[in-house]
Amino acid sequence: MSVRDPSNDDIVPGAGLVSPSKYDLLLAAVPTLLVAGAVGAARLALPASVGTGLGSLLAALLVGYGLFVEPPVGGRDT
């Protein structure tokens, strides 16, 4: 049986939510870039493959940056 350890919670009582780390923001940017590429292609009358391809290329660059330039080490940033 698992027991919840309240000392490990990311939410501090009375302080609200903990701010997201840079890796959380990088992960949020990946689908944002993919959607922006698709919407941009539709607005510019380009093929959908061009927009999503460009969005996915930018998303892949962000993932590569997060993995190889600024790799995560240890636990959550403070």
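The values are calculated or read from the model by the stated rules, or taken from the named source; none is laboratory data. Keep in mind that what you see is a predicted model, and the values were worked out from it rather than measured. Cβ: placed from backbone, ideal geometry, glycine included. Neighbour counts: every protein chain shown. The accessibility values were calculated without ligands, DNA or RNA, using every heavy atom of the protein model including side chains. Shrake-Rupley method; radii C 1.70, N 1.55, O 1.52, S 1.80 Å.
Of the conditions (1) open to solvent by 70 Å² or more (accessible area, probe 1.4 Å); (2) touching a residue at least 40 places away in the same chain (Cβ under 8 Å), residue 47 fails just one. Which one is it?
Single failed check for residue 47: (2).
So is residue 41 of a type outside the set (Phe, Trp, Tyr), loosely packed, with under 10 Cβ neighbours inside 10 Å, out of contact with any Cys (no Cβ under 8 Å at 6 or more places or on another chain) and at pLDDT 90 or above or not?
On the way: of a type outside the set (Phe, Trp, Tyr): yes; loosely packed, with under 10 Cβ neighbours inside 10 Å: no; out of contact with any Cys (no Cβ under 8 Å at 6 or more places or on another chain): yes; at pLDDT 90 or above: yes.
So residue 41 fails the test.
Among residues belonging to segment 28-38 that are touching a residue at least 12 places away in the same chain (Cβ under 8 Å) and aliphatic (A, V, I, L, M), point out the one that is surrounded by the fewest Cβ atoms within 10 Å (Cβ to Cβ).
Here the answer is 35.
Part of a helix (DSSP H, G or I), charged (D, E, K, R) and either modelled with pLDDT under 95 or open to solvent by 70 Å² or more (accessible area, probe 1.4 Å) (or both), is that true of residue 24? I'd like the intermediate steps shown before the answer.
Working: part of a helix (DSSP H, G or I): yes; charged (D, E, K, R): yes; either modelled with pLDDT under 95 or open to solvent by 70 Å² or more (accessible area, probe 1.4 Å) (or both): yes.
Here the answer is yes, as residue 24 does meet what is asked.
For segment 66-78, which positions are of a type in the set (A, V, I, L, M, F, W, C) and either at pLDDT below 90 or not in a helix (DSSP H, G or I) (or both)?
Step one: of segment 66-78, the residues of a type in the set (A, V, I, L, M, F, W, C) are 67-69, 73.
Result: 73, single match.
Residue 63 - would you say it is open to solvent by 90 Å² or more (accessible area, probe 1.4 Å), modelled with pLDDT under 95, at negative phi and among the β-branched types (Val, Ile, Thr)?
So residue 63 fails the test.
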